[in-house]
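Working notes, structure below.
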């Protein structure tokens, strides 16, 4: 019997990713931009510490609330004003629904999905235009910050 080799699992890479944002009420796409940086996929749990009288072994740690970071997207390029329009809708408190759902998809070097971070309850916090330069010819977004209410990971089907 010949030795069968297991396929080598390549490590996750962070240089190839895709950002998708859509409004939660009607699933209309609001992000059709490519960004060079994405940061802020994080969650942290607050731990409540209780010191029990008579228990000299140490404190008891209880699970507390979970808080989430803010997604920061930098140096984006697009040919649409969808993100600006979304920010404007939220700013004017348009009643048609302005929360968005998002996905940050990590892609392998051959563009296969490795994992996806799923964001719910997204709201724009900051939208910054790039410095204007006559040498450049693209509509760009220097930085966008998005607050979100939940973060989950979605594993690809293997």
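The values are calculated or read from the model by the stated rules, or taken from the named source; none is laboratory data. Here the structure is a predicted model, which is why all the values come from computation and not from measurement. Here the Cβ is made from the backbone with ideal geometry for all residues, glycine too, and neighbour counts use every protein chain on show.
A few remarks follow.
- Total residues in the stretch 56-86 satisfying the condition of being within 11 Å of residue 124 (Cβ to Cβ) and at pLDDT 90 or above: the figure is 3.
- Which numbered condition residue 89 fails, given (1) free of Cβ contacts under 8 Å to residues at least 24 places away in the same chain; (2) touching a strand residue (DSSP E or B) at 6+ places or on another chain (Cβ under 7 Å); (3) surrounded by 11 or more Cβ atoms within 10 Å (Cβ to Cβ): (2)
- Filtered by the rule that a residue be modelled with pLDDT under 80 and closer than 20 Å to residue 27 by Cβ, the stretch 87-101 gives 94, 95, 96, 97.
- Of all the residues in the stretch 127-144, those that are closer than 15 Å to residue 85 by Cα and surrounded by 13 or more Cβ atoms within 10 Å (Cβ to Cβ) number 5.
- Looking only at residues of the stretch 101-158 that are without any contact (Cβ under 8 Å) to a residue 60 or more places away in the chain and touching a helix residue (DSSP H, G or I) at 6+ places or on another chain (Cβ under 8 Å), we find that the one that is farthest from residue 77 (Cα to Cα) is 123.
- Taking the stretch 59-79 as the range and being assigned to a loop (DSSP other than H, G, I, E, B) and within 20 Å of the chain's Cα centre (by Cα) as the test, only 69 passes.
- Contact map, the stretch 49-62: first residue at positive phi, second residue modelled with pLDDT of 85 or more, Cβ cut-off under 9 Å, separation 6 or more or different chains; pairs are 58/51.
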